[in-house]
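Q: The structure follows.
The values are calculated or read from the model by the stated rules, or taken from the named source; none is laboratory data. This structure is a prediction, so every number in the text was calculated from the model and none was measured. Note: ideal-geometry Cβ built from the backbone for every residue, glycine included; neighbour counts use all protein chains shown. Only protein heavy atoms, including side chains, enter the accessible area calculation; ligands, DNA and RNA are left aside. Shrake-Rupley method; radii C 1.70, N 1.55, O 1.52, S 1.80 Å.
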Amino acid sequence: MLKTLNLSKNILRLMENSKSNQNIISKIPIGVIGVGHLGRYHVKHYSTLKNASLVGIYDQDRKRAAQISKQYGTLSFSSINDLLAACEAVSIVTPTPSHGKVAEICIRAGKHVFIEKPITKSVQEADSLLNLADKKGVLIQVGHIERLNPALLTLERYALNPKFIEVQRLAPYTSRGTDVPVVLDLMIHDIDILMALVKSPVKHIHASGVSIMTNSVDIANARLRFENGTVASITSSRIAKDKVRKIKIFQKNMYVTIDFLLGLTEVYRVMDTHKEESRALFSAPLEANGKLRQIQYEKPPVKKTDALKMELENFLDSIAGTATPIVDGKAGRDALDLALKIHDLILEDLH
Ligand code: NAD
């Protein structure tokens, strides 16, 4: 069951023994490059995580760097190289187009890197970072944070074999993130989740999209057929009135719906009527394939966890050698590869 999301012992340990992590004695000297909207939260967590020693930050916006360093009582370095000289590892939370170059500098300096998603803007850049990291013997972890969404983690208790998956991720327009098409900004979260759920190569992609507010694709839909027969439909939009983040998973005798925003997972399972009678039954008896069956409804408890904190703890533990990255560089590279294939098909469809 645990293999379905490939989270296994790492996650369970993080979720259940989060406090015991605080017993780890050695602190890893760490810094943050890029302290804008999201980078600020990396700084906040590293300033409190017991196995991190926050060395400082670097941001090319000196005013922003000064403000964040003051707020979290850390140093603002005047160059990436000065920061790297004092660190063993860094989070890279700069805009996506700069990930490749910034990460290359850090890896060349022999530092472990946590790169916010998407790993880079091109697969070539991602491949060259993976090769360099391999040579330098350093870790790359990628911030596909939704993999640690507590509502998704509840699926660890179910045996999943999805036949059809429908995903929707809609967000009101904001200029942040529009330096890349919606497929690289929003859809890539769901692509990473799908790849972790289905674990089969993609056989066929049909994709379409439109540009509404930017010169790039703002609304995208992709229909994927995996080699094992699973079909997935993903819709992503940054032109919506309200935020929506939902995934629906259909498989033989089971339907799961997750609302990532509400942190709500609901599971409907078809059971023989004589079994599990004490459990909450959703439907009156149904006749199916000559058998009397009923639908059982479950709302598995969703733990309240901070996904970013868990990701960063996992990064620190992976550096310390007590865990492996939940989303490693290869997983980040593969999600990017599929995202770019989808985006290219959208562009072909548009022209
Ligand atoms: P932002 O624009 O708010 O912040 C980026 C910061 O990086 C700015 O302060 C900017 O001055 C600084 N910067 C730019 N280029 C730099 C460079 N070369 N060196 C040092 N500093 C530099 O952006 P954001 O919304 O925080 O997004 C940053 C990254 O995080 C993006 O890759 C984005 O895709 C990712 N992100 C991930 C999630 C998630 O859910 N995992 C959410 C939001 C953003």
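Q: Between the alpha-carbon centers of the range 99-146 and the range 155-170, tell me the distance in whole angstrom.
A: If we compute the Cα centre of each part, the gap is 29 Å.
Q: May I ask you to evaluate 6.51 cos²θ - 1.76 cosθ + 1.60, the Karplus curve with θ = phi - 60°, for each residue of the range 213-224 and list the ³J(HN,Hα) values in order in whole Hz, giving x for glycine and proline?
A: For the range 213-224, the Karplus curve yields 9, 10, 7, 10, 7, 9, 10, 9, 10, 10, 10, 10 Hz.
Q: Here is a further query. Kindly write out, for the range 83-94 in residue order, the coupling ³J(HN,Hα) from the Karplus curve 6.51 cos²θ - 1.76 cosθ + 1.60 (θ = phi - 60°), rounded to whole Hz, with x marking Gly and Pro.
A: Rounded to whole hertz, the list is 5, 4, 4, 9, 10, 9, 8, 9, 9, 10, 10, 8.
Q: Taking GluC sites (Glu not before Pro) as candidate sites, keep only those in a DSSP loop with at most 15 other Cβ atoms within 10 Å, then name the longest stretch of the chain containing none of them.
A: Answer - 1-226.
Q: Here is a further query. Stretched out fully, how many nm does the piece from THR324 to LEU347 gain, at 0.36 nm a residue minus the Cα gap? List each step's numbers first, then the result.
A: Values: separation 23, 0.36 × 23 = 8.28 nm, distance 3.66 nm.
Stretched fully, the THR324-LEU347 segment lengthens by 4.6 nm.
Q: What accessible area per residue comes out for the chain, rounded to a whole number of Å², with a 1.4 Å probe?
A: Accessible area per residue: 47 Å².
Q: Can I ask one more? Mind checking the angle between helix 62-72 and the chain's longest principal axis? C-alpha axes, 0 to 90 degrees, to the nearest 10.
A: Long axis of 62-72 versus the principal axis of the chain: about 70 degrees.
Q: If you don't mind, another one. Place a point 7 Å from the Cα of PHE282 along the Cα-to-Cβ direction; which residues of the range 118-159 have their backbone N under 20 Å from it?
A: 151-159
Q: ALA52's amide H: which non-local residues (gap 5+, or another chain) put their own amide H closer than 5 Å, with H modeled 1.01 Å from N in plane and none for Pro or chain starts?
A: Result for ALA52 returns ILE28.
Q: State, as an integer percentage, the relative contact order of the range 178-241 based on alpha-carbon contacts under 8 Å between residues 6 or more apart.
A: 35 percent
Q: Shifting gears a bit: On a full-extension model of 0.36 nm per residue, what is the gain between VAL244 and ILE212, subtracting their alpha-carbon distance, rounded to one decimal in nm?
A: Gain in length upon complete extension: 9.7 nm.
Q: Could you tell me the relative contact order of the range 130-206? Use alpha-carbon pairs under 8 Å, at least six residues apart, and round to a whole percent. Mind dumping the intermediate values first?
A: Details: 21 pairs, mean separation 27.2, N = 77.
This gives 35 percent for the range 130-206.
Q: Taking 0.36 nm per residue of sequence separation and subtracting the Cα-Cα distance, how much length would be gained by fully extending the chain between SER47 and ASP272, in nm to one decimal?
A: So the extension gain works out to 75.7 nm.
Q: Also, I was wondering about something else. Once you place label points 7 Å from the Cα toward the Cβ at LEU261 and LYS136, how far apart are they in nm?
A: Rounded to a tenth, the inter-label distance reads 3.9 nm.
Q: Mind pulling the angle between the C-alpha long axis of helix 123-136 and the longest principal axis of the chain? Nearest 10 degrees, somewhere in 0 to 90.
A: The angle comes out at about 60 degrees.
Q: Which whole-number percentage describes the relative contact order of the chain, with Cα contacts under 8 Å and a sequence gap of 6 or more?
A: Relative contact order of the chain: 18 percent.
Q: Now for a separate question. Gaussian network model of the chain, Cα springs within a sub-10 Å range: biggest mean-square fluctuation belongs to which of ALA339, ALA288, ALA52?
A: ALA288
Q: Further question on the same structure: Tell me, what % of the accessible area of the chain is carbon and sulfur with a 1.4 angstrom probe? The partial results should precede the final answer.
A: On the way: 8380 of 16330 Å².
Carbon with sulfur: 51 percent of the solvent-accessible area.
Q: Can you give the % of DSSP beta bridges in the chain that are antiparallel, to the nearest 5?
A: Details: 45 of 72 bridges.
Roughly 60 percent of the beta bridges in the chain run antiparallel, per DSSP.
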